[in-house]
Amino acid sequence: GIGCGTARSVYRKAKPDKEGLRKRVLVLPVMDHAGVGEEKAAQIKTKFVDLLNEDGHFLVCKTTNPMPFTQKMRSPEFGILVDPHLIECAQEEGANVLIILALNPFEVASRKSGIWPFRKLRQESEVSLLVDVVDPINGVLFLTSLETRRTTIPEDISRNPEDKRKIDDQILEQVLPDLL
């Protein structure tokens, strides 16, 4: 019989590797507003790309042209960045989807815990990653997602400015797998 069920079987016979159609995705370098450094930002991008590759529905393109340096770009008022030059670059690469990642500055807040006579102050850090997904063919932003995770900062960490980078690295290592 002819029906909707045969279309899938015909497609699988024509394409024996059974991978299916995949979207070509171009992931830009992470905009590091948190100041974690180029190396950490590159690690975040690599882990994000690995997760996309594991999914199997995406083909992450490697860019042959140099992309504009996104570290110096400022996020607009609402965090949505659709630069026409980036869209042109994605079109030249043949990408169906352009993904822009922005690591926002860490927010630190003091929280009270416990009951009255035994109350303690504890430091919490909030880490957020903004993901904007753009259709480069039409230049339309079709998804924006802000993922946020909180973690407690250990009390024994000193508050020296030199140690801030080490503290930020520890916080990022704690929340990054869940954040991505």
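Would you point out which residue out of Ile100, Ile115, Ile87 is β-branched (Val, Ile, Thr) and touching a Gly at 6+ places or on another chain (Cβ under 8 Å)?
Ile87
Restricting to region 92-114, give me the number of residues that are assigned to a loop (DSSP other than H, G, I, E, B) and among the hydrophobic types (A, V, I, L, M, F, W, C). Steps first, please.
Here is the first cut: in region 92-114, the residues assigned to a loop (DSSP other than H, G, I, E, B) are 94-96, 104-106, 114.
Imposing the further condition that a residue be among the hydrophobic types (A, V, I, L, M, F, W, C) reduces the set to 95, 106.
Residues meeting the conditions: 2.
I need every pair where a residue in region 41-55 that is open to solvent by 50 Å² or more (accessible area, probe 1.4 Å) has its Cβ under 6 Å from the Cβ of a residue that is part of a helix (DSSP H, G or I), sequence separation at least 6 or different chains.
Here the result reads none, with nothing in region 41-55 linked to a residue that is part of a helix (DSSP H, G or I).
Among the residues of region 145-169 satisfying the criterion of being part of a strand (DSSP E or B) and open to solvent by 70 Å² or more (accessible area, probe 1.4 Å), which is modelled with the highest pLDDT?
Filtering region 145-169 for residues that are part of a strand (DSSP E or B) and open to solvent by 70 Å² or more (accessible area, probe 1.4 Å), the one modelled with the highest pLDDT comes out as Leu146.
The values are calculated or read from the model by the stated rules, or taken from the named source; none is laboratory data. Predicted, not measured: the structure shown is a model, and the values here were computed from it. Using ideal geometry, Cβ is built from the backbone for each residue, glycine included, and neighbour counts are taken over all protein chains shown. Quick note on the areas: whole protein, heavy atoms, side chains included, nothing else; ligands and nucleic acids left out. Shrake-Rupley method; radii C 1.70, N 1.55, O 1.52, S 1.80 Å.
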